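Notes for the one structure printed next.
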Amino acid sequence: MAEDKLTKIVSLCRRRGFVFGGSEIYGGLSSIWDYGPLGAKLKKKIKDIWWDTYVNKREDIVGLDSSIIMHEDVFRASGHLEGFADSLVDCPTCKKRARIDKLEKIQDNLYQCPECKAKIDTLKNKPRKFNLMLKTNMSATEDKPYYGYLRPETAQGIFTNFSNVLDTTHKKIPLGIAQIGKAFRNEVTTGSFIFRMKEFEQMEIEYFVKPATADEFYHIWVSERFNFYTEKIGLRKDNLRLREHAKDELAHYAKSCTDIEYNFPFGWSELEGIANRGNFDLSEHSRVSKKDLSYFDDESKEKIIPFVIEPSAGVDRTFFAIISDAYHEEDVKGKLRVVLKLKPNMAPYALAIFPLLKNRPELVELAKNIFYDIKDKFPALYDDSGAIGKLYRRQDEIGTPFCVTVDVESLTDHKVTIRDRDSMQQERIDVTKIKSFIEERTKA
Ligand code: ATP
């Protein structure tokens with residue numbers, strides 16, 4: 001059933017133009033996906049809401065847009081060159097390659113294959129390390145290559161610009177630096193649609209604080225980020241949970257870490273990680289770059305290396321969670337209705353406008369006039385390319401919360417029929433009331 005839901009979601013995303021396979025006409029590329037017209041809209045909404053919440057509305061957070069390709073030494077300092085690797089093991093029975101940390105452990109050295117359920121003995125099938133960094137030759141000549149690295153997280157650009165931001169903004173800590181951007185990992189275990197991609201997008205904040213306050217801010221950020229998903233994005237609370245990492249699971253530098261997990265069609269998995277990273281990053285970049293990245297604390301009159309709390313979210317996983325949460329199937333008079341019950345402010349279109357009969361020019365003209373009048377205020381769509389039932393079905397599948405139909409009576413009574421996506425209830429309202437009707441119901 002769960003597998004079934006995943007297949008249905010992938011198919012809906014394809015069919016309606018949310019997500020396509022990357023380089024599809026050439027056979028595709030494993031774990032690379034493209035966002036179609038509706039996917040691009042939804043993705044932008046996710047990023048806009050995040051940016052607006054943290055950068056536009058808060059005085060203690062500023063934004064940044066640093067480059068994707070970075071100097072090799074950045075990743076020497078961050079530990080990625082040495083340690084950013086997955087331990088992978090091949091199942092001797094079905095040959096499926098899996099990450100050892102994601103396998104079910106039966107006993108010491110014995111794990112269960114997630115695919116065929118056979119036992120994997122890691123003394124016989126030794127795990128191998130695969131580094132996840134992608135590098136690119138930046139030299140003009142092939143014979144003298146020099147390499148830049150595609151960042152595996154947006155965070156490192158924040159650390160390398162820490163002093164630049166402080167010097168130019170004159171801000172004091174606690175201070176957050178927020179960034180949205182692409183990140184790249186040469187993931188070896190692939191599949192699961194846009195959950196695990198080689199090229200993906202992150203929304204990260206590095207929130208710099210005095211060491212003594214780090215634990216308090218860590219807890220504040222865990223609840224802040226959990227509430228963001230329920231209140232701003234509209235995910236169902238019972239599909240979200242917090243999972244605190246056990247001490248032996250933490251990265252060596254992390255003081256504590258909590259994952260926000262979502263109940264994806266294939267089970268509970270990480271949507272976002274919130275970590276107290278101590279002062280590891282700034283200390284290491286100071287050490288390797290030989291630049292002083294300390295902060296002068298006015299109160300104690302001392303130089304300190306701030307601690308950092310990092311809420312690190314994935315745009316693509318948020319996208320996936322939104323579609324998964326919204327996907328509903330209903331039986332309507334013996335027929336299957338597929339509907340995306342998106343929070344109205346998240347829907348790619350707030351409303352769609354149709355003429356009931358497309359061979360009546362007066363209806364087409366009135367419907368188009370309504371569309372032109374409304375489209376600058378709300379994302380709206382005009383469609384006359386099918387029978388009304390088909391048009392409704394199309395809008396249900398892309399989550400448009402309201403459909404407006406112009407019929408013959410509209411010409412005389414200046415009213416239209418407005419249909420609610422979820423209840424399918426229809427009511428007639430005055431043409432002049434459409435904007436206020438939509439405004440009230442699509443508020444964030
Ligand atoms: P996982 O254990 O699932 O590989 P991670 O712990 O390596 O994830 P982080 O390094 O904490 O992930 O990255 C922060 C966030 O970035 C994740 O919570 C996720 O939303 C997103 N992310 C990480 N890797 C990928 C990927 N390969 N594809 C899509 N999103 C990703």
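The values are calculated or read from the model by the stated rules, or taken from the named source; none is laboratory data. Worth saying up front: this structure is predicted, and the values here are computed from it rather than measured. Methodologically, a virtual Cβ is constructed for each residue, glycine included, from the backbone with ideal geometry; neighbour enumeration extends over all protein chains shown. Surface accessibility is based on the protein's heavy atoms, side chains included, excluding ligands, DNA and RNA. Shrake-Rupley method; radii C 1.70, N 1.55, O 1.52, S 1.80 Å.
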**Item:** Selected residue [open to solvent by less than 20 Å² (accessible area, probe 1.4 Å) and closer than 19 Å to residue 159 by Cα] from 218, 253
**Value:** 218
**Item:** Where a residue in the range 220-246 is β-branched (Val, Ile, Thr) and its partner, wherever it lies, is open to solvent by less than 70 Å² (accessible area, probe 1.4 Å), with Cβ under 6 Å and at least six apart
**Value:** 222/258; 222/274
**Message:** Is it the case, given these coordinates, that residue 83 is more than 15 Å from the chain's Cα centre (by Cα), of a type outside the set (A, V, I, L, M, F, W, C), surrounded by 15 or more Cβ atoms within 10 Å (Cβ to Cβ) and under 22 Å from residue 284 (Cβ atoms)?
**Reply:** no
**Prompt:** Given the range 90-194, what strands (runs of 3 or more DSSP E) lie entirely inside it while holding 1 or more residues that are among the charged types (D, E, K, R), away from the ligand (no atom under 16 Å from the Cβ) and open to solvent by less than 60 Å² (accessible area, probe 1.4 Å)?
**Reply:** 119-121
**Residue that is in contact with a Phe, Trp or Tyr (Cβ under 8 Å, 6 or more places away or on another chain) and either hydrophobic (A, V, I, L, M, F, W, C) or closer than 19 Å to residue 214 by Cα (or both), where the choices are 278, 273** = 278
**Asked** Name the residues in the range 406-444 that are out of contact with any Pro (no Cβ under 6 Å at 6 or more places or on another chain), hydroxyl-bearing (Ser, Thr, Tyr) and in contact (Cβ under 8 Å) with a residue 12 or more places away in the chain, would you?
**Response** 410, 417, 432
**Request:** Please tell me if residue 208 is of a type outside the set (Val, Ile, Thr), in contact with a helix residue (DSSP H, G or I) (Cβ under 7 Å, 6 or more places away or on another chain) and buried (at least 16 other Cβ atoms within 10 Å of the Cβ).
**Result:** no
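Residue-wise test of (1) more than 27 Å from the chain's Cα centre (by Cα); (2) at negative phi; (3) not basic (Lys, Arg).
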| residue | (1), (2), (3) |
| --- | --- |
| 90 | yes, yes, yes |
| 102 | no, yes, no |
| 109 | yes, no, yes |
| 112 | yes, yes, yes |
| 144 | yes, yes, no |
| 158 | no, yes, yes |
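Residues checked against (1) among the hydrophobic types (A, V, I, L, M, F, W, C); (2) more than 27 Å from residue 178 (Cα to Cα); (3) assigned by TED's automatic domain parsing to the domain that holds residue 177; (4) assigned to a loop (DSSP other than H, G, I, E, B):
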{"site": "44", "(1), (2), (3), (4)": "no, no, yes, no"}
{"site": "55", "(1), (2), (3), (4)": "yes, no, yes, no"}
{"site": "63", "(1), (2), (3), (4)": "no, no, yes, no"}
{"site": "67", "(1), (2), (3), (4)": "no, no, yes, yes"}
{"site": "73", "(1), (2), (3), (4)": "no, no, yes, no"}
{"site": "77", "(1), (2), (3), (4)": "yes, no, yes, no"}
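Restricted to the range 410-435, and to residues that are farther than 28 Å from residue 338 by Cα and surrounded by fewer than 16 Cβ atoms within 10 Å (Cβ to Cβ), which residue is farthest from the chain's Cα centre (by Cα)?
Our first condition is that a residue be farther than 28 Å from residue 338 by Cα; within the range 410-435, this holds for 410-415, 430-433.
The next check asks that each one be surrounded by fewer than 16 Cβ atoms within 10 Å (Cβ to Cβ); those that pass are 411-414, 430, 432-433.
Details: 411: 44, 412: 47, 413: 45, 414: 42, 430: 39, 432: 37, 433: 35 Å.
My answer is 412.
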**Item:** Cβ pairs under 7 Å, 6+ apart, first in the range 43-59 and under 18 Å from residue 207 (Cα atoms), second assigned to a helix (DSSP H, G or I)
**Value:** 53/228; 53/232
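Could you check, for the range 73-90, whether at least one of its residues is in contact with a His (Cβ under 8 Å, 6 or more places away or on another chain) and within 22 Å of residue 187 (Cβ to Cβ)?
yes
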**Message:** Tell me whether the range 285-292 contains one or more residues that are in the same structural domain as residue 45 (by TED's automatic domain parsing), open to solvent by less than 40 Å² (accessible area, probe 1.4 Å), farther than 30 Å from residue 340 by Cα and within 13 Å of the ligand (Cβ to nearest atom).
**Reply:** no
**Message:** The conditions are (1) of a type outside the set (Lys, Arg); (2) open to solvent by 10 Å² or more (accessible area, probe 1.4 Å); (3) more than 10 Å from the ligand (Cβ to nearest atom), and residue 309 fails exactly one of them. Which is it?
**Reply:** (2)
**Prompt:** Which ones in the range 19-60 are open to solvent by 70 Å² or more (accessible area, probe 1.4 Å), aliphatic (A, V, I, L, M) and within 16 Å of the ligand (Cβ to nearest atom)?
**Reply:** 29
**Sole exception among (1) exposed (fewer than 13 other Cβ atoms within 10 Å of the Cβ); (2) under 14 Å from the mean Cα position of the chain (by Cα) for residue 238, by number** = (2)
